[in-house]
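Scroll down for the structure; my scribbles are underneath it.
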Amino acid sequence: MHPDLVKLVDLQAHDLEAKRLRDQMATLVRHVAALDTKARATVGQRAVIVDLIAKEDALRRKEESEIADLRVKLERNKKKLDMTTTTHQLEALEHEAAFIRSEIARIEDAELESMERSEALEAQRTLADAAVADAAATVDRERVRAVETVAADQTTLAQVERERTALRAEIVLSSTGDNSLSAYDRIARAKGTAVSEALHQQCTACQMMLRPQRWNDLRDNSPDSTASTSILSCENCGRMLYYDPARDSPGRKPVQVESIAAQIVRSL
């Protein structure tokens, strides 16, 4: 195997680990932010319930005041009834009294409905209080966990970055390392990863089959081989390929490559 390729495989492992750590830290920050948003929404929902309870209380105070005013009018009406001398006045006062009593009954019914709504709202406020407390506790707990995890990830990331920088320096110092590293960076920017394992005559990155000749060349270029010619690439995705015989099927034989002449003769 090409000496640079061994280091490039290791470099990619470090790059992927660094990306995983950065992604994990970013995910934790988003997770805590989402929980905080949810907690604020829960507080807002509770505030709406509290506001509705206050409005129902104010409505009942108004209704009680209206009932008190109507009762005063009813008392005055009774006094007028005692003093009336004509049938016409009597009928008018009785009609007015009936209307006042119906209004009092209507407002009392509305007041009862308001009390029932308040009871339901109070039950909702109890649930909202529990939800707010639970959301706040969850945010606090997850924030502490996120801070601890991010701190550990930053320490690990710093170590990975040091090792990654050292690896890149080693590759540059090799005879063809500058070209290998440039190719690695170019492919990684375009594809996300630059190196792929060839396994069972397949590129494990794009899952495309390799030509028999390319597969045999990779096997000859394996880590167990003393050859270190060139870095072979996948003809489909362009990633650099490496072959590890330890991961291949036991006793797997090289693919026989039939020459063009032999194919022509066989077709006759």
Q | Unit charges at the beta carbon, dipole of segment 134-191: most positive-side option, Ala137, Leu181, Thr155 | A | Leu181
Q: Could you grab the Rg to Rh ratio for segment 29-151? Cα atoms only, Kirkwood for Rh.
A: 1.43
(Q) Among Ile100, Ser230, Leu8, which residue has its Cα furthest toward the positive end of the charge dipole of the chain, with +1 on Lys/Arg Cβ and -1 on Asp/Glu Cβ? (A) Ser230
Q: May I ask for the net charge around Arg20, where only other residues with Cβ less than 15 Å from the Cβ of Arg20 are counted and Lys, Arg are +1 while Asp, Glu are -1?
A: -3
(Q) I need the peptides 31-38, 85-92 ranked by packing, meaning the mean over residues of other C-beta atoms within 10 angstrom, with the highest value on top. (A) 31-38, 85-92
Q. Between Lys62 and Arg30, 0.36 nm times their residue separation minus their Cα-Cα distance comes to what?
A. 6.7 nm
Q.
Need one number: nm distance between label points at Ala98 and Gln45, each 7 Å from Cα along Cα→Cβ, rounded to one decimal.
A. 5.1
Q.
Report D for segment 41-84 in µm² per second (integer): Stokes-Einstein, Kirkwood Rh on Cα pairs, 20 °C, 1.002 mPa s.
A. 164
Q: Express in whole angstrom the spacing between the alpha-carbon centres of segment 167-206 and segment 24-38.
A: 34
Q: Please pull out the direction-averaged projected area of segment 43-112, using the convex hull of its alpha-carbon atoms, in nm² to one decimal place.
A: 4.9
Q) If you look at just the Cα atoms of segment 109-181, how large are its Rg and its Dmax in Å? A) 29.5, 95
Q.
Can you give me the convex hull volume of the Cα atoms of segment 81-143, divided per residue and expressed in Å³?
A. 79
Q: Using a Gaussian network model of the chain whose springs link C-alpha atoms within less than 10 Å, name the residue from Ser174, Ser233, Ser102 with the highest mean-square fluctuation.
A: Ser102
Q: Identify, among Ser196, Asn221, Ala68, the residue whose Cα sits farthest towards the positive end of the charge dipole of the chain, taking +1 on the Cβ of Lys and Arg and -1 on the Cβ of Asp and Glu, with the dipole about the Cα centre.
A: Asn221
Q. Computed from the mean reciprocal separation of all distinct C-alpha pairs, what Kirkwood hydrodynamic radius does the chain have, in Å?
A. 27.1
**Q.** R0 of 51 Å, Cβ-Cβ distance Val147-Cys206: FRET efficiency to nearest 0.05
**A.** 0.80
Q. Ranked highest first by the average count of other Cβ atoms within 10 Å around their residues, in what order do 76-83, 6-13, 116-123 fall?
A. 6-13, 116-123, 76-83
Q.
Can you give me the convex hull volume of the Cα atoms of segment 1-86, divided per residue and expressed in Å³?
A. 75
Q.
Between Leu16 and Leu127, how high is the FRET efficiency from 1/(1 + (r/R0)^6) when r is the Cβ-Cβ distance and R₀ = 45 Å? Nearest 0.05.
A. 0.50
Q: Compute the signed sum of charges (Lys and Arg +1, Asp and Glu -1) over the other residues within less than 14 Å, Cβ to Cβ, of Ala137.
A: -1
Q | Shape call, segment 136-219: gyration tensor on alpha carbons, a/c limit 1.5 | A | oblate
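Laboratory data are not the source of any read-out in this text; all were calculated from the coordinates shown. Because the structure is predicted, anything quoted here is derived from the model rather than measured. As a convention, Cβ positions derive from the backbone with ideal geometry for all residues, glycine included, and neighbour counts pool all protein chains shown.
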